[in-house]
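The values are calculated or read from the model by the stated rules, or taken from the named source; none is laboratory data. For clarity, every value in this text was computed on a predicted model and none was experimentally measured. Cβ sites come from the backbone with ideal geometry, for glycine too, and all protein chains shown count toward neighbours. For accessibility, only protein heavy atoms count, side chains too; no ligands or nucleic acids. Shrake-Rupley method; radii C 1.70, N 1.55, O 1.52, S 1.80 Å.
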Amino acid sequence: LSQDDLYWILNHLGEERQHYAGAVAPPIFQSSMFAYPDVARLRAALRDELEHPFYTRGHNPTVNILRKKLAALEGAEDALVFGSGSGAMAAAVIALVGAGDHVVCVDKPYSWTRALLRDLLPRFGVATDFVDARETAAVEAALKPTTRLIVLESPNSWTFEQQDLSAVAALARARGILTVCDNSYATPLHQQPIAFGIDLVVHTLTKYLNGHSDVVAGAVCGRADLIRAIFRGPYLTLGAVLSPNDAFLALRGMRTLPLRLERAAATAAQIADYLRDHPKVSQLYFAGDAGDPQRELSARQLKRGSGLLSIRIAGGPAAAERFCDGLQRFLLTCSWGGHESLAWPLCALFDSENYASARSSLPLDLVRLSVGLEPAEVLITDLAQALERA
Ligand SMILES: Cc1ncc(COP(=O)(O)O)c(C=O)c1O
């Protein structure tokens with residue numbers, strides 16, 4: 001995207017200001033349904049509920065502005081907006097698979113993507129194999145004659161492992177298999193999976209796209225025929241739609257996405273430089289960093305890392321706990337991509353009495369940092385004192 005296109009999308013695309021008194025910020029169409037003056041026009045609207053206001057579970061004009069902007073940002077033909085990122089992923093997957101189908105998924109997806117594929121869909125006859133997809137050959141080896149879908153998340157959101165998007169897309173296309181990629185980490189500003197041949201892109205808008213930690217929302221972007229299939233199926237039937245008020249907030253948040261992402265990425269790089277050789281840090285995970293084992297792949301598909309990085313604290317989970325307890329400028333909670341800095345310790349998911357017997361695919365001393373908009377010096381000073389306590 002050129003800067004001109006980017007700001008045209010963020011500020012103008014989808015906004016029909018002539019219809020609402022020239023309002024610069026879009027109105028919140030807080031209405032559950034839309035009436036027509038005669039049956040002929042009602043019938044015409046009903047024929048295409050995706051594009052025409054009729055009932056807000058199908059189409060709402062405020063939500064529609066967000067939908068058009070997200071599609072354009074991803075270089076997609078169309079998009080649908082949901083009440084959460086998990087709702088978006090579930091709708092995309094459910095629309096594309098049926099009983100007897102097989103799915104291949106990356107081995108460390110977002111936890112509720114894992115729950116969808118591992119716990120929910122087997123009840124409906126859909127089986128999934130989870131594979132370490134850093135090597136495309138591992139994806140290929142997991143394919144079966146019944147494989148219908150490959151679910152990617154690149155980079156993932158704890159340790160930022162990537163998949164070769166164009167190689168996996170080519171592999172899938174050749175076999176008539178569809179691909180979906182969670183692109184929440186990168187946002188369309190740092191990576192556009194559709195340009196690499198991926199069929200559908202899923203986002204949680206809760207993170208960078210909204211960026212203010214006040215909305216839970218999601219989206220699916222992709223080919224018009226696939227978006228229509230999702231719309232007619234799970235979108236309307238499961239009804240996990242976004243409210244017009246939350247769509248308004250997400251639109252407002254998205255206006256400043258380029259500035260926020262640029263700032264968070266630059267500060268995260270400075271923090272990574274500080275942490276890389278710190279004696280209390282046993283490992284640093286930062287996508288695209290000089291030490292990132294997948295940096296060649298990053299150079300091909302990921303424009304830049306974002307504001308997320310993870311560290312392992314030397315001394316194990318108890319030391320990680322002391323480090324987190326000492327932080328004063330990072331809020332201790334889940335999620336990421338907001339204006340404020342956060343720390344999310346993996347050890348919080350386990351009982352400290354049972355660290356030794358905990359079953360986890362990730363090390364318990366892992367702490368994810370989501371870098372916000374504070375100056376780097378403020379955050380580094382805080383990290384330094386908290387690492388002393390670790
Ligand atoms: C990578 C990723 N995808 C999807 C989701 C789900 O998004 P939401 O919380 O909006 O349902 C999350 C949430 O943390 C996430 O980190």
TODO: Would you kindly derive the ³J(HN,Hα) couplings of the range 376-386 from the backbone phi angles with the Karplus curve 6.51 cos²θ - 1.76 cosθ + 1.60 (θ = phi - 60°), listing them in order in whole Hz, with x for Gly and Pro?
DONE: 4, 4, 4, 6, 5, 4, 5, 4, 4, 5, 6
Open item on the list: Can you sort 335, 213 by solvent-accessible area, 1.4 Å probe, largest first?
Closed with: 213, 335
Open item on the list: Give me the percent of accessible area attributable to carbon and sulfur for the chain, probe 1.4 angstrom.
Closed with: 54 percent
Open item on the list: Using a 1.4 Å probe on the protein heavy atoms only, what accessible surface does residue 303 show? Give it in Å² to the nearest 10.
Closed with: 150 Å²
Task: Among 145, 117, 131 - extreme Cα towards positive end, dipole of the range 109-149, charges at beta-carbon - done: 117
Task: Computed [θ] at 222 nm, helices only, for the chain once each DSSP H run of length n ≥ 4 contributes -39500 (n - 2.57) - done: -10500 deg cm²/dmol
Open item on the list: Take the residue pairs 108/303; 68/303; 69/207; 144/303; 207/280 and return only those whose Cα atoms are more than 27 Å apart.
Closed with: 144/303; 207/280
Open item on the list: Which order do you get for 274, 355, 235 if you rank them by accessible area with a 1.4 Å probe, largest at the top?
Closed with: 274, 355, 235
- [ ] Taking the dipole about the Cα centre of the chain, with the C-beta of Lys and Arg at +1 and of Asp and Glu at -1, give me whichever of 55, 269, 242 is farthest to the positive side.
- [x] 55
Open item on the list: Please report the accessible area of residue 216 (heavy atoms, 1.4 Å probe, ligands and nucleic acids excluded) in Å², nearest 10.
Closed with: 80 Å²
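Give me the accessible area per residue for the range 300-390, probe 1.4 Å, as a whole number in Å².
Spelled out: the 1.4 Å probe surface of the range 300-390, per residue, equals 44 Å².
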- [ ] Let me know the charge dipole size of the chain about its Cα centre in debye, to the nearest 20, where only the beta-carbon of Lys, Arg (+1) and Asp, Glu (-1) is charged.
- [x] 700 debye
TODO: Give the calculated FRET efficiency between residue 332 and residue 124 to the nearest 0.05, with a Förster radius of 25 Å applied to their Cβ-Cβ distance.
DONE: 0.10
TODO: Could you work out the relative contact order of the range 32-169, using alpha carbon pairs under 8 angstrom and six or more residues apart, expressed as a whole percent?
DONE: 18 percent
TODO: Would you be so kind as to identify which of 229, 390, 256 lies farthest towards the positive end of the dipole of the chain, taking Lys and Arg as +1 and Asp and Glu as -1 on Cβ and the Cα centre as origin?
DONE: 229
Task: Estimated Rh, the chain: Kirkwood, alpha-carbon pairs, angstrom - done: 21.8 Å
